[in-house]
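A short write-up of the structure that comes next.
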C-alpha cells in the first residue's frame, strides 16, 4: 500500500507533467507521449524469461532437498507424535523452517542480482527508443492511459533483438 506522502508525490508529478505538456501544446507544438508497462517488460522479454529459467535450474536441487526434508519431517512427526519426543520434534521443525528461510533469502538475493541487469538493459532500451522516435514524455506506473500511447510492445521487441 502506498503512503499518503507517496500518493501525493505521484499526483504532484502527474500534475507537473500535464502542466508542462499543456503549455507547449496550447502554443501549437504537438507533444509525442508514450507509456510503458514496465512490469510487463520484466515478465515478457526474453531476458526476463531466461533469468527465470536460469534461477529455476539453479535452485531446483535445493528445492528438491527441501521438499524431501519436509516429507521426512512430516513422516517423523506423524510416527513420533505420541512418543513424547518434544525436543526432537522442535529441533526438526526448527531445522526445516531455517532451511526454508535460507532458500527463500538466497533465491531473492540471486533474483535481485539478475533482475538488476535486466532493469539496466530495459532502461537503456527505453531511453534509446524515446530518443530515436522523438518522444517528449514517456510514462509508467499510471492509473489509466489510452492504449494508443502504449509502446510496451516496441520496448519488448527492441530488448529481444
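What follows draws every value from the coordinates through simple rules; no lab data is involved. Because the structure is predicted, anything quoted here is derived from the model rather than measured. All Cβ positions, glycine included, derive from the backbone under ideal geometry; neighbour counts span all protein chains shown.
Cα centroid separation, region 80-109 to region 136-161: 45 Å. Neighbour counts of C-beta atoms inside 10 Å place 38, 155, 142, 125 in the sequence 142, 38, 125, 155, starting with the fewest.
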